[in-house]
1. Looking only at residues in the range 44-80 that are under 20 Å from Lys206 (Cα atoms) and polar (S, T, N, Q), which one is surrounded by the fewest Cβ atoms within 10 Å (Cβ to Cβ)?
2. Give me the pairs: first residue in the range 37-64 and among the small types (Gly, Ala, Ser), second residue in a strand (DSSP E or B), beta-carbon distance under 8 Å, and six or more apart or on different chains, which are they?
3. Is it true that some residue in the range 139-146 is open to solvent by 30 Å² or more (accessible area, probe 1.4 Å), out of contact with any Gly (no Cβ under 9 Å at 6 or more places or on another chain), at pLDDT below 95 and under 24 Å from Tyr47 (Cβ atoms)?
4. If I ask for residues that are aliphatic (A, V, I, L, M) and surrounded by fewer than 20 Cβ atoms within 10 Å (Cβ to Cβ), which ones from the range 81-98 would you list?
5. Given the criterion of a type in the set (Lys, Arg), more than 24 Å from Gln44 (Cα to Cα), open to solvent by 70 Å² or more (accessible area, probe 1.4 Å) and in contact (Cβ under 8 Å) with a residue 40 or more places away in the chain, identify the matching residue among Lys216, Lys164, Lys206.
6. Test Lys112 against the criterion of being open to solvent by 50 Å² or more (accessible area, probe 1.4 Å) and over 21 Å from Leu43 (Cα atoms), and give yes or no.
7. For the range 202-229, what are the residues that are outside any loop (DSSP other than H, G, I, E, B) and farther than 19 Å from Gly138 by Cβ?
8. So Trp159 fits all but one of (1) surrounded by 13 or more Cβ atoms within 10 Å (Cβ to Cβ); (2) in a loop (DSSP other than H, G, I, E, B); what number is the exception?
Amino acid sequence: MPALKKHLPTLCLSLGLAATAWQATAAEKVVATDLEPLHHVILQNKYVTVMRVLIQPGQSTQYHEQHLDYVNTHIDGSPVKIEFPDKPATLYEMKSGNVKFGAHQGKSDADKVTNTGTTVNHQVAFEINMTGPQHFGGATRPDTSAIVQVLDKPTVKGWKVTLKPGESTGEYTQHGPGVRVFFSEGRVLLADPAHPNHVKEIWVHKGDAFLTEPGKVDITDGSNEPLTFNDYELL
């Protein structure tokens, strides 16, 4: 009993801190992901909502709710703390160049992300607005060392494409709508399938994202540096 009395103040303090933390969490508002202030909607159609997420060192998002499948491309990663309303927080390393899939379809999940690193955490993420696979057709890419599959889920596939200067993906057919996210800067030549030897020329920057549509695709690195991007296609 004396030992219990000795540690009672510390125990009460710990319980009090835990209760205060729970009350603070309970009092925080949970918002939809596309309404969370650090998730900036940059592109949207009936299939996807694309957001640029920028979290400064030491900065936290609000608690945000996710109920749709979610694809997160880490442009510039950092260590983060992820907090949940109903379970202990976790520490996680968002690594630059990685992709993370959240299977939230059919349920409701909420979290809050704090950048615990010393550099800006930069993500390009998109929600899949349609529930379930839409059966657009088989999503495939040319069998080449320049194209590596990085995501294979019931609703979406993804590939990391790394082209050398002057190198092309080769022509392929995209069956479903998609999203393309660039990790590097440079000139991109997009073949015009309706006009032989005609291309659409665009200049991209690190972190740029584009909505893509079904059709014939052939992409060439038109700059003097390697070109790297992730190419996603809905199923």
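The values are calculated or read from the model by the stated rules, or taken from the named source; none is laboratory data. Owing to the predicted nature of the structure, the values given are computational and were not obtained by experimental measurement. Here Cβ is always computed from backbone atoms with ideal geometry, including for glycine, and neighbour counts include all displayed protein chains. Just the protein is used for accessible areas: all its heavy atoms, side chains included, with ligands, DNA and RNA removed. Shrake-Rupley method; radii C 1.70, N 1.55, O 1.52, S 1.80 Å.
1. Filtering first and then ranking leaves Gln56.
2. Gly58/Thr114; Gly58/Asn115; Ser60/Lys112; Ser60/Val113; Ser60/Thr114; Ser60/Asn115
3. Scanning the range 139-146, I find no residue that is open to solvent by 30 Å² or more (accessible area, probe 1.4 Å), out of contact with any Gly (no Cβ under 9 Å at 6 or more places or on another chain), at pLDDT below 95 and under 24 Å from Tyr47 (Cβ atoms), so the answer is no.
4. Ile82, Ala89, Leu91
5. Lys164
6. no
7. Ile202, Trp203, Val204, Ala209, Phe210, Leu211, Ile219, Thr220, Asp221, Leu227, Thr228, Phe229
8. Unmet for Trp159, out of (1) surrounded by 13 or more Cβ atoms within 10 Å (Cβ to Cβ); (2) in a loop (DSSP other than H, G, I, E, B): (2).
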